[in-house]
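Laboratory data are not the source of any read-out in this text; all were calculated from the coordinates shown. Given the structure is predicted, the values throughout are model-derived calculations rather than measurements.
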Amino acid sequence: MTRPRDDAGGVWIITGLVVGAIVYAGMVMMMVAGFTVVAPLVVIPPVLAVLIAANNLLGGGRSHGRSPGHPVGQGQAPLSSSGPNGVLPSVTPPQAPAVEEGPVSR
């Protein structure tokens with residue numbers, strides 16, 4: 001009996017990482033040999049990796065299940081020990097004063 005073929009073991013992930021590392025090493029060798037056109041391809045990936053790692057270390061990038069632009073608690077005010085709790089009052093924008101149009105002098 002033969003085992004069914006699948007990628008459950010992460011074979012393609014490992015293959016991609018190994019092939020990517022080989023290509024990156026080749027680009028580094030090209031840059032060392034004087035082919036400076038590959039310099040951005042050698043410099044940018046480590047810089048991006050450092051920026052992503054720094055963001056993760058600082059705790060960024062997590063919304064904790066909230067979509068941006070929506071208030072916490074579906075419009076409920078956070079609990080307060082010093083005042084009433086409940087639904088936030090609706091805020092209406094202030095009305096601009098009416099501008100009367102008159103004859104335009106030139």
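Just a few scattered comments:
- Difference of contour (0.36 nm per residue) and Cα-Cα distance, Val32 to Thr15: 3.5 nm
- Taking 0.36 nm per residue of separation and subtracting the Cα-Cα distance, full extension of the segment from Gln95 to Val50 would add 11.3 nm.
- Net lengthening on full extension, Val43/Ala25 (0.36 nm per residue, minus Cα-Cα): 5.3 nm
- Across region 11-57, Cα-Cα pairs farther apart than 12 Å form 67% of the total.
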